[in-house]
Amino acid sequence: MTGTVLYEVSDGLATITLNRPEAMNALDVATKAALRDAVRSAADDDAVRAVLLTAAGERAFCVGQDLKEHIGLLAADRSPGSDEAPGGTMSTVREHYNPIVRALAGARKPVVAAVNGVAAGAGFGFALAADYRIVADTASFNTSFAGVALTADSGISWTLPRVVGPGRATDLLLFPRSIGAQEAYELGIANRVVPAGELRGAAEQLARALAEGPTVAYAALKESVAYGLSHSLQETLEKEDELQTRAGASEDHMIAVRAFVNKEKPTYLGR
């Protein structure tokens, strides 16, 4: 991994840190590629049982695309003799943003986003792709896309309406504005708001608790919720039957039942 993205695994928890605080953790090409690789590694590693996505610095979680780099790439796209097809710079959605969001949302383990500051554009999208968002009281969110004459990406046209409803999502996309931590909590964007100085400790405590939990059941819960949002009740009942059969066959289920009967705290194995 490059220095702009830090990746660490400890006791089943993978911590991924965006590390460009001087640029408000904006996404240049190198950072996008490193983040994609880090998220994929965490999602694919069976030893990782939870993921914490966070960022360095106090001002920003991630302000989205690095526009200083982007404007140069756009100019190169349009220059005579360029090897890039028109709009080639925008292949970053396919090459970087889509794989990142798929890995975050599709990981068969819980993903926590610790939002320490501004989350805008793709930064907002990545936060929404996580299962749980713990947010500093100084943080804010902004869709940003229309402000630079772009449409939504990073999955936000799928995730945002499911969190705040289609009407509010359309409003926030057409008229980008800063959404403070308290409003984000009221809209359901933030699951929990904590004082900025307590964010890292609270996020790590939460993520480590998930890393010690019943991973198979967590994966099934993620799949069940995502499935139910786009299927009928009958189809969802059948999916619940399938997933419950899988969870019921896990070692962790047996551990949990035995611990309950013996009035003990279970120690899960994640399988």
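Could you give the dipole magnitude of the chain about its Cα centre, charging the beta-carbon of Lys and Arg +1 and that of Asp and Glu -1, in debye to the nearest 20?
Roughly 280 debye, rounded to the nearest 20.
Out of L13, L199, L233, any idea which swings most in a Gaussian network model of the chain, alpha carbons joined below 10 Å?
Evaluated over the chain, the most mobile residue of the options is L233.
Can you tell me the FRET efficiency between R200 and E22 if r is taken as the Cβ-Cβ distance and R0 is 25 Å, rounded to the nearest 0.05?
0.85
How many nm is it between the label spots at L150 and M90, if each spot is 7 Å from the Cα in line with the beta carbon?
1.0 nm
Could you give P(r) for region 148-187, binned at 5 Å from zero, as whole percent values over all Cα-Cα pairs?
Per 5 Å bin, starting at zero, the Cα-Cα P(r) for region 148-187 comes out as 6, 21, 31, 29, 10, 2 percent.
Whole number please: convex hull volume per residue, Cα atoms of the chain, in Å³.
Roughly 144 Å³ of hull volume per residue.
Quote the FRET efficiency, to the nearest 0.05, computed for N98 versus K263 with a Förster distance R0 of 35 Å and r equal to the Cβ-Cβ distance. All intermediate terms of the calculation are to be shown ahead of the outcome.
Values: r = 47 Å, r/R0 = 1.35.
It comes to 0.15.
Given a 10 angstrom Cα cut-off, can you work out which residue in L173, L74, L206 is the most mobile in a GNM of the chain?
L74
Based on the Cβ-Cβ distance from S10 to L237, what FRET efficiency comes out when R0 is 41 Å, to the nearest 0.05?
Once rounded, the FRET efficiency stands at 0.55.
For A60, which sequence-distant residues (separation of 5 or more, or a different chain) have an amide H within less than 5 Å of its own amide H, given hydrogens modelled in the peptide plane?
Residues meeting the criterion, in which the H sits 1.01 Å from N, are V118.
Is the shape of region 121-265 rounded, prolate or oblate, going by the alpha carbon gyration tensor and its root eigenvalues a ≥ b ≥ c, with a/c under 1.5 for rounded and a/b larger than b/c for prolate?
oblate
Amide H neighbours of L13 under 5 Å, counting only residues 5+ apart in sequence or on other chains, H built in-plane at 1.01 Å?
R49
When the Karplus curve 6.51 cos²θ - 1.76 cosθ + 1.60 is applied with θ = phi - 60°, which whole-Hz ³J(HN,Hα) does each residue of region 140-151 get, with x for Gly and Pro?
Along region 140-151, the couplings run 8, 10, 7, 5, 6, 4, 4, x, 10, 6, 10, 8 Hz.
Using θ = phi - 60° and the Karplus relation 6.51 cos²θ - 1.76 cosθ + 1.60, list the HN-Hα couplings for region 42-48 in order, rounded to whole Hz, with x at every Gly or Pro.
After applying 6.51 cos²θ - 1.76 cosθ + 1.60, I find 5, 5, 8, 8, 5, 6, 8 Hz.
Would you compute, from DSSP H runs of 4+ residues alone, the mean residue ellipticity of the chain at 222 nm, taking -39500 (n - 2.57) per run and dividing by the full residue count, rounded to the nearest 500? Please report the intermediate quantities before stating the final value.
Working: 11 runs with 124 residues, N = 271.
So the helix-based figure for the chain works out to -14000 deg cm²/dmol.
For the chain, how many pairs of lysine residues have a Cα-Cα distance under 23 Å, where the two are 8 or more positions apart or belong to different chains? Mind showing how you got there, number by number?
Values: K32/K68; K32/K109; K109/K222; K109/K239; K109/K265; K222/K239.
Final tally of qualifying lysine pairs is 6.
Which residue fluctuates the most in the chain, going by a Gaussian network model with Cα springs under 10 Å, if the choices are L160, L237, L210?
Checking each option, the largest mean-square fluctuation is seen for L237.
Above 13 Å lies some portion of the pair distances; for region 215-261, what is it as a whole percent of all C-alpha pairs?
Working: 598 of 1081 pairs.
Pairs farther apart than 13 Å: 55 percent.
Can you work out the PRE-style zone for R162? Point 7 Å along Cα to Cβ, and I want the residues of region 133-156 with backbone N under 16 Å.
133, 153-156
Laboratory data are not the source of any read-out in this text; all were calculated from the coordinates shown. As the structure is a computational prediction, the values presented were derived from the model and not from experiment. For neighbour counting, all protein chains shown are included, and Cβ atoms are generated from backbone atoms with ideal geometry for every residue, glycine included.
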